[in-house]
Amino acid sequence: MSPAPARRATRDADPILYRIAPSDPHAHLFTVAMTIAHPDPEGQRLALPAWIPGSYMIREFARHVVALSARDARGVLRADKLDKHTWRVGRTPGPLTVEYTVYAWDLSVRAAHLDAGHAFLNPTSVCLRVVGQESRPCTVVLEPPPADVARGWRVATTLPEAGARRGGFGRYRAADYDARADHPIEMGTFALARFDAAGASHEIAVTGRTDVDLDRLVRDLAPVCAAQAALFEPRTRRAPFERYLFLATAVGDGYGGLEHRDSTALLCARNDLPWRGMGAAGDGYRTFLGLASHEYFHAWHVKRIKPAAFVPYDFDREAYTRLLWVFEGFTSYYDDLMLVRAGAISRADYLKALARTISLVERAPGRTVQSVADSSFDAWIKYYRQDENSPNAVVSYYAKGALVALAIDLAVRARTQGRASLDDAMRLMWRRFGRDFYAPGGGPGPAQSGLAEDGFPALLREATGVSLGARLARWVDGTDALPLARLLAPLGVTLSFAPADPAPSLGVRIAPRGGERRAATASRGGAAKRAGLSAGDVLVAVDGMRVDEKALKALLSRRRAGDTVAVHAFRRDELLRVEAVLDAPARTEATLKVGAQDNALRRGWLGERAAARR
Ligand code: ZN
């Protein structure tokens with residue numbers, strides 16, 4: 001039986017209140033006070049997510065909840081732990097107040113970080129879910145830090161305002177917990193730029209000591225944003241949000257990005273950002289643009305078009321899908337492709353980046369034992385938890401997924417003489433699953449659904465008229481090399497492979513550590529592995545001579561494939577002597593060359609006009 005309509009209206013008017021304070025920056029502690037007007041009369045359960053969507057690994061954010069207490073008007077209530085991330089509070093008619101502190105010292109895009117310089121938080125690390133009341137609206141009050149660090153601090157977030165004061169501290173709202181969880185928050189003294197693109201207001205906030213040229217960033221990013229919106233909505237060319245926020249944190253050395261529905265958190269090396277007076281984009285800046293483009297593309301693809309397995313997210317446990325090659329792979333394909341189509345990078349730079357991806361996949365023996373579909377499913381225990389054997393056992397659903405996207409795109413373009421492409425499949429997925437995924441206020445759309453595990457081949461056929469049948473199944477579920485050279489040929493692009501190093505190969509990658517030369521990986525089937533060496537062994541001498549990387553390289557360049565070398569190595573504290581037969585160098589270094597002739601298929605693919613632009 002449902003409650004009377006009048007009663008229900010009153011109940012829905014009482015949102016879950018979160019009051020979040022960066023209360024002790026030096027101890028890296030946030031204090032959160034929650035008020036729940038109508039707790040479960042049987043004892044309200046509260047849970048912190050075990051993972052954050054976009055990063056497919058169980059992270060158990062609850063391990064950083066330091067202390068939790070509960071009370072109502074009558075006094076203190078019991079709060080019992082039910083499992084690693086769930087609490088149950090004693091029975092109360094309400095309202096219930098829960099207070100807790102969260103330790104925030106993870107400078108990544110996935111969790112929360114607080115010191116006297118800034119505060120960053122993903123709500124999945126900080127905001128408890130009120131179990132059973134996930135669809136209730138939320139109010140979020142952001143408090144400023146203590147006065148001694150608060151000078152110049154302001155707030156950057158895409159949470160809708162509901163009475164924020166100066167600097168953005170104050171009141172915000174979210175349609176439900178899913179929305180609450182999907183808007184990260186930055187507080188601090190970041191540099192900020194604004195621009196309009198695709199009918200939406202965009203902001204870039206850069207945290208960290210930088211000399212970033214924000215004008216240059218805006219100049220380069222705005223056309224990319226416009227091009228992505230036009231890909232999905234060729235008629236209106238509008239983005240599916242009113243505001244979008246790039247939240248970048250610059251550090252000495254770092255790289256990462258996490259997508260959200262209206263924003264993204266980026267971690268980058270400060271030297272990858274553009275500075276005033278910088279000339280043409282170098283490798284570092286192109287990498288940053290590719291990262292920003294990747295996360296922005298996710299606003300359509302994975303935040304609105306989703307695998308059915310993510311509808312809704314199960315925050316308590318792994319959400320298994322064999323489709324990350326579609327969601328991460330296709331996004332990795334389009335990130336750089338949108339840069340070249342928008343004119344942010346040159347065709348030569350795009351083909352260099354694509355060749356790097358091809359080389360990356362070619363180099364890792366894991367591509368011959370794991371398919372991209374299997375890699376997707378096992379992301380939680382393999383791709384996200386790499387060890388010394390990962391190169392031998394794991395294929396990246398990002399990198400190989402991008403190449404599967406390329407293969408599909410080129411096959412469809414060739415079959416239809418350029419009349420259809422993967423773009424059409426993106427648009428059909430968008431219309432079917434993405435466009436109405438959220439209601440205008442940020443709550444769930446009228447009929448939320450996602451791409452079924454086996455749904456892509458039929459969708460591709462419907463969107464393009466092309467059935468790739470068993471070929472597509474081989475690319476996705478198989479481990480054979482993709483026929484990229486054959487697929488690129490009709491576009492006047494030649495793919496060739498050469499050895500990265502002409503010297504014969506010992507089949508180990510050396511990582512220097514504290515003066516030792518340790519084998520970081522030993523390639524499956526390679527010379528070292530066949531001889532009995534392993535990752536973790538410390539290489540001492542080859543053919544009686546002490547070796548470091550340079551000496552080993554010089555020694556190998558004087559040997560030939562088939563020669564035998566004697567290797568001395570330590571495994572733990574025991575000395576080993578083995579004989580290894582050197583291999584011919586693997587031809588893993590890809591190069592892409594464009595023919596001089598005009599090619600309509602290639603122009604369509606790279607978004608070039610009939611008269612070549614460059
Ligand atoms: Zn991604």
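The values are calculated or read from the model by the stated rules, or taken from the named source; none is laboratory data. Note that the structure is predicted; figures quoted are calculated from it, not measured. Here the Cβ positions follow ideal geometry from the backbone for every residue, glycine too, while neighbour counts run over all protein chains shown. The protein model used for the area step is the full one, side chains on, heavy atoms only, and it has no ligands, DNA or RNA in it. Shrake-Rupley method; radii C 1.70, N 1.55, O 1.52, S 1.80 Å.
To the nearest 20 debye, what charge dipole does the chain have about its Cα centre, counting +1 at the Cβ of each Lys and Arg and -1 at the Cβ of each Asp and Glu?
On the way: 84 positive and 69 negative charges, 200 e Å.
With Lys and Arg at +1 and Asp and Glu at -1, about 960 debye.
Within the range 128-190, none of the GluC sites (Glu not before Pro) combine a DSSP coil assignment with at most 14 other C-beta atoms in a 10 angstrom radius. The peptide list 586-594, 98-106, 295-303, put in order of mean Cβ contacts within 10 Å with the highest first, becomes 295-303, 98-106, 586-594.
For the listed residue pairs LYS84/LYS306; LYS84/LYS529; LYS306/LYS593, the alpha carbons are over 31 angstrom apart in LYS84/LYS529; LYS306/LYS593. A straight chain from ARG431 to ASN389 at 0.36 nm per residue would run longer than the Cα-Cα distance by 11.0 nm.
Highest mean packing first, where packing is the average number of other Cβ atoms within 10 Å per residue, the peptides 419-426, 172-179, 468-475, 315-322 line up as 172-179, 419-426, 315-322, 468-475.
The orientation-averaged shadow of the Cα convex hull for the chain, equal to a quarter of the hull surface, comes to 32.2 nm².
Put +1 on the Cβ of each Lys and Arg and -1 on the Cβ of each Asp and Glu in the chain; which of LEU487, SER375, ALA561 then has its Cα farthest toward the positive end of the dipole? Looking along the dipole axis, the top candidate is LEU487. Which stretch or stretches of the range 305-348 have amide N atoms under 14 Å from the point lying 7 Å from ASP83's Cα along the Cα→Cβ direction? Backbone N within reach: 314-319.
Screening the chain for DSSP H helices whose Cα atoms reach 15 Å or more along their own axis and whose mean Kyte hydropathy is at least 0.5 gives 214-232, 399-415. Just to be sure I understand: of the beta bridges DSSP finds with both ends in the chain, what percent are antiparallel, rounded to 5? Among the beta bridges of the chain, antiparallel pairing accounts for roughly 80 percent.
A simple spin-label model places pseudo-atoms 7 Å from Cα toward Cβ; at ARG419 and ALA269 they are separated by 4.8 nm. For the chain, adding -39500 (n - 2.57) for each run of n ≥ 4 DSSP H residues and dividing by the number of residues yields -7500 deg cm²/dmol at 222 nm. Taking a point 7 Å out from the Cα of ARG243 in the direction of its Cβ, the residues of the range 159-177 whose backbone N falls within less than 13 Å of it are 159-174. Can you tell which of THR236, GLY284, TYR255 lies farthest toward the positive end of the dipole of the range 210-297, using +1 and -1 charges on the Cβ of basic and acidic side chains (Lys, Arg; Asp, Glu)? Sorting the options by dipole projection puts first THR236. Applying a threshold of 21 Å to the alpha-carbon distances of LYS303/LYS382; LYS352/LYS400; LYS400/LYS553 flags LYS303/LYS382; LYS400/LYS553 as lying beyond it.
Where in the range 306-328 is the amide nitrogen less than 19 Å from a point lying 7 Å along the Cα-to-Cβ axis of ARG471? Flagged as within label range: 326.
May I ask you to compute the full-extension gain from ALA447 to ARG513, defined as 0.36 nm times their residue separation minus their alpha-carbon distance, rounded to one decimal in nm? Let's see the in-between values first.
Numbers: separation 66, 0.36 × 66 = 23.76 nm, distance 5.48 nm.
Answer, rounded to one decimal: 18.3 nm.
Label positions at THR236 and TRP380, each projected 7 Å from the Cα along the C-beta direction, are separated by 3.6 nm.
What percentage of the solvent-accessible surface of the chain, computed with a 1.4 Å probe over protein heavy atoms, is contributed by carbon and sulfur atoms?
Working: 13160 of 26610 Å².
Here carbon and sulfur together make up 49 percent of the probe-accessible area.
Note on ASP501 and VAL218: with the Förster distance fixed at 30 Å, the Cβ-Cβ geometry gives a FRET efficiency of about 0.15.
Report the extension gain between ALA147 and ASP253 in nm, rounded to one decimal, defined as 0.36 nm multiplied by the number of residues separating them, less their alpha carbon distance.
On the way: separation 106, 0.36 × 106 = 38.16 nm, distance 3.08 nm.
Length gained, ALA147 through ASP253: 35.1 nm.
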